[in-house]
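A.B. asks: The following block contains the structure, expressed as structure tokens.
Every read-out reported here was derived from the displayed coordinates using simple, explicitly stated rules and does not represent laboratory data. This is a predicted model, so every value here is computed, not measured. Virtual Cβ from ideal backbone geometry, glycine too; neighbours counted across all protein chains shown.
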Amino acid sequence: MAGTILVTWQTAAAFFPSFLLPGVAEVARRLATVLGTREFAEALMVSFYRIGVGFAVAIILGTSLGLASGLSNSLRSYLRALVSVLQSIPPITWVPLLVILTGFGDAPIIIVVALASFYPLIQSVMSAAEHVDALHLKVARILGASRRQTLRTVYLPEVFPAAVTGTQIAFGNAWRALVASEMVAGVGVGLGWSITFAAEIADMAGALAHIVVIGVIAAIIDRIVLEWIKHRLLRWRYVGND
Amino acid sequence: MINSAERVVVDALQVDGVTKMYGSLVVLGPLSFRVPDGEFVAVLGPSGCGKSTLLSLLAGLSQPSGGRLLVRGRDADHLGPHERTMVFQQDGLLPWRTVRRNISLGLEYRHADTDEAHRLVREVLEQVGLCGFEEYYPHQLSGGMRQRTAIARALVMQPAILLMDEPYGSLDAMTRMQMHEELLRIWKGSGRTIVMVTHDVDEALSLADRVMVLSSRPAHLKADLSIAMSRPRDRSSADYTKTRTELLTLLGLTM
């Protein structure tokens, strides 16, 4: 996969002068210097902070509202309608409005990240809560479970895999929304901003180096960190399937 | 002072003119019968006749539309799992819990103390022959072992009444006969009342003290037979074949 991208890139670079489209080797060299700078470390920290807060808010809201919708049919149809309308609006379109409301800074970006990751998350949790096994609910009832105990021992674990998968999908959305909004929200630091800045001073190698960083970080978090968490949290699914 | 001889005998189940309707459709009754303490009753009937509806009424999972239903002399819907619990046709095990934690589910709900829970789980594990499988997950078990776990999960509550809704319906014939033996061994001398819904005449005849035959919808009591044969029952005996034919005729299954 990574090979395809590199070959295509290098081939395309042969047709352009290097100040327009630098080749793989040049960008790699630039990457090596960029990674060591204080600016880069700062951009990374700030971006992680923004996505961390936005994503956490989305997880908490998405999971709890999704779960609650499993217990109440009216809440579910209300949320379904609301989400399907709001979801059709690209989260980034809220940026100008949010900037006016909250001023330049982290807030518009965090809100956009939260919105972008909230939709897929609440949708997975909602449909999982809707399809909780009726027999499991009967079993809990016949064994004397209270409403709270049923929520804890049946609903939560049953919805859990969907919430984890939803989180993984939501992370992709959150990451894209983060970079995009950092490019347009008028902030002065962050991974997205670094690309805009490099492009403004016609530093193509710098812009490409940051694009590579953005792709690689997302891949590491998605394929390694989230995948690992998923296996740990859903351990029972992977036990003894031989 | 009341001594034991004078104590009023309360039936395990008392069903008086119970009916169940879904909208204007009568699916059951009116139905009346009693089940004394400690009896093993099998309920036979054509499929879709409302056998399972009857069981879910007895379990308190749904309310009768009319009539009165008493479990051990009390209203059916306010009773805990210590009075009666139920085993379903599908095991309904929670796939994310091990055998041990599936069995202890009801004890957890009751906030049973850890030592007691441990002892009770140990006991039923031995009864159903699942020792050594405590830490297995349901997907690692055979159908028979899953259903044993489900039965253990019910037994651990030490219910006075055990309701069973075609518990062996999805098992192969060999496993089923083995499970019958086990169930009889567990039941014998326990003083427990068992009501088992089944569509298998041989299952009813090898297990029960008494067989109730329901009509097709709306379910009425078509016959109520006491089975006096001693256990284990010889399927080739004249008594057995005679009763078997009688039951098949009642179900309309002979020509």
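A.B. asks: Checking the a/c ratio against 1.5 first, then a/b against b/c, what shape does the Cα gyration tensor give for chain A?
C.D. replies: Working: a/c = 2.89, a/b = 1.86, b/c = 1.55.
Because a/c hits 1.5 or more and a/b exceeds b/c, chain A counts as prolate.
A.B. asks: Can you figure out the FRET efficiency of B:ASP75 with A:VAL85, using R₀ = 35 Å and their beta-carbon distance, to the nearest 0.05? The partial results should precede the final answer.
C.D. replies: Values: r = 48 Å, r/R0 = 1.36.
It comes out at approximately 0.15.
A.B. asks: Where in the range A:59-154 are there chymotrypsin sites (Phe, Trp or Tyr not before Pro) that are in a DSSP coil and have at most 16 other Cβ atoms within 10 angstrom of their Cβ? Don't skip to the end; give the middle numbers.
C.D. replies: Values: sites: A:TYR78, A:TRP94, A:PHE104, A:PHE118; in loops: A:PHE104.
Loop-located and lightly packed - A:PHE104.
A.B. asks: Would you mind giving the mean number of other chain beta-carbons within 10 Å of the Cβ of each residue in A:141-151, as a whole number? Don't jump to the answer; show the numbers that get you there.
C.D. replies: Working: counts 6, 18, 14, 13, 6, 1, 0, 0, 5, 1, 0.
Other-chain Cβ atoms within 10 Å of each residue's Cβ, averaged: 6.
A.B. asks: Please compute the average number of Cβ atoms from other chains found within 10 Å of each residue's Cβ in peptide B:81-89.
C.D. replies: Details: counts 5, 1, 1, 1, 4, 5, 2, 4, 1.
Neighbouring Cβ atoms belonging to other protein chains average 3 per residue here.
A.B. asks: Next question. Which loop trypsin sites (Lys or Arg not before Pro) in the range B:156-202, with loop taken from DSSP, have no more than 11 other Cβ atoms within 10 angstrom of their Cβ? Intermediate values should be presented prior to the final figure.
C.D. replies: Numbers: sites: B:ARG176, B:ARG185, B:LYS188, B:ARG192; in loops: B:LYS188, B:ARG192.
For trypsin sites (Lys or Arg not before Pro) across the range B:156-202 that sit outside H, G, I, E and B with at most 11 neighbouring Cβ atoms in 10 Å, the list reads B:LYS188.
A.B. asks: Under a point spin-label approximation (7 Å from Cα along Cα-to-Cβ), what is the B:SER142-B:ALA238 distance to one decimal in nm?
C.D. replies: If labels sit at B:SER142 and B:ALA238, their model points lie 3.8 nm apart.
A.B. asks: Now, a different point. Add -39500 (n - 2.57) for each DSSP H run of 4 or more in chain A, then divide by its residues: what number comes out at 222 nm, to the nearest 500 deg cm²/dmol?
C.D. replies: Details: 13 runs with 186 residues, N = 242.
Helices in chain A give a 222 nm mean residue ellipticity of -25000 deg cm²/dmol.
A.B. asks: Taking neighbour Cβ counts within 10 Å as the exposure measure, how do A:LEU35, B:LEU120, A:LEU226, B:LEU207 sort from fewest upward? Write out the running numbers ahead of the final one.
C.D. replies: Values: A:LEU35 12, B:LEU120 20, A:LEU226 17, B:LEU207 25.
The fewest-first ordering by Cβ neighbours comes to A:LEU35, A:LEU226, B:LEU120, B:LEU207.
A.B. asks: Something else: Using alpha carbons only, how many angstrom separate the centre of the range B:134-197 from the centre of the range B:207-255?
C.D. replies: What the calculation gives is 22 Å, centre to centre.
A.B. asks: Please give the peptides B:95-107, B:147-159 ranked by average Cβ packing (other Cβ atoms within 10 Å per residue), highest first, as a rough proxy for protection. Provide the component values of the computation, followed by the final result.
C.D. replies: Working: B:95-107: 21.6, B:147-159: 24.4.
Answer by packing, highest mean first, reads B:147-159, B:95-107.
A.B. asks: Per residue, what volume in Å³ does the Cα convex hull of the range A:113-159 take up? Numbers along the way, then the final one.
C.D. replies: Values: hull volume 3.1 nm³, N = 47.
Cα convex hull per residue, to the nearest whole number: 65 Å³.
A.B. asks: Can I ask one more? Count charges around A:GLN149 for me, please; just the other residues with Cβ under 12 Å from its Cβ, Lys/Arg as +1, Asp/Glu as -1. Intermediate results must be reported in sequence, preceding the final value.
C.D. replies: Numbers: positive: A:ARG141, A:ARG147, A:ARG148, A:ARG152, B:ARG110; negative: B:GLU108.
So the surrounding residues net to +4.
A.B. asks: Relative contact order for chain B using alpha-carbon pairs under 8 Å, separation at least 6, rounded to a whole percent? Walk me through the numbers before you get to the answer.
C.D. replies: Numbers: 461 pairs, mean separation 68.6, N = 255.
Computed over chain B, the figure is 27 percent.
A.B. asks: Going by a ≥ b ≥ c, the root eigenvalues of the Cα gyration tensor, does the range B:8-104 fall in the rounded group (a/c under 1.5), the prolate group (a/b larger than b/c) or the oblate group?
C.D. replies: Working: a/c = 1.95, a/b = 1.34, b/c = 1.45.
Cα axes put the range B:8-104 in the oblate bin.
A.B. asks: Amide H of B:MET164 versus every other amide H placed in the peptide plane: which residues, excluding those fewer than 5 positions away on the same chain, fall under 5 Å?
C.D. replies: Amide H neighbours of B:MET164: B:VAL87, B:VAL195, B:MET196, B:VAL197.
A.B. asks: How many angstrom lie between the C-alpha centres of the range A:183-242 and the range B:9-30?
C.D. replies: Taking the Cα centre of each part, the range A:183-242 and the range B:9-30 sit 63 Å apart.
A.B. asks: Just to verify a number: FRET efficiency for A:MET45 and B:ARG101, C-beta to C-beta distance, R0 = 41 Å, to 0.05?
C.D. replies: Working from the Cβ atoms, E equals 0.45.
A.B. asks: Something else about it: With an 8 Å cut-off on Cα pairs and a minimum separation of 6 or more residues, tell me the relative contact order of the range A:37-234 in percent.
C.D. replies: On the way: 218 pairs, mean separation 54.7, N = 198.
Relative contact order comes out at 28 percent.
A.B. asks: In nm, give the distance between the simple-model label positions of A:LEU156 and B:ARG185, each being 7 Å from the Cα along the Cα-to-Cβ direction.
C.D. replies: According to this spin-label approximation, the distance is 3.8 nm.
A.B. asks: Which residue fluctuates most in the GNM of chain A (Cα springs below 10 Å): A:LEU75, A:LEU143, A:LEU31?
C.D. replies: In the Gaussian network model the winner is A:LEU143.
A.B. asks: In nanometres, what is the gap between the two model label sites at B:GLU116 and B:LEU61, each 7 Å from Cα along Cα-to-Cβ?
C.D. replies: 2.7 nm
A.B. asks: For A:ASP106, what charge total do you get from the other residues with a beta carbon under 11 Å from its beta carbon, if Lys and Arg give +1 and Asp and Glu give -1? Working shown, then result.
C.D. replies: Details: positive: A:ARG50; negative: A:GLU182.
Every neighbour counted, the sum reads 0.
A.B. asks: May I have the count of lysine pairs in the protein assembly as shown with C-alpha atoms under 25 Å apart, counting pairs 8 or more residues apart or located on different chains?
C.D. replies: On the way: A:LYS138/B:LYS20; A:LYS138/B:LYS51; B:LYS20/B:LYS51; B:LYS20/B:LYS222; B:LYS51/B:LYS188; B:LYS51/B:LYS222; B:LYS51/B:LYS242; B:LYS222/B:LYS242.
For the protein assembly as shown, qualifying lysine pairs total 8.
A.B. asks: Another question, then. Just want to confirm a number: the relative contact order over the range B:91-158, from Cα pairs under 8 angstrom separated by 6+ residues, in percent.
C.D. replies: Values: 69 pairs, mean separation 37.1, N = 68.
Over the range B:91-158, the number comes to 55 percent.
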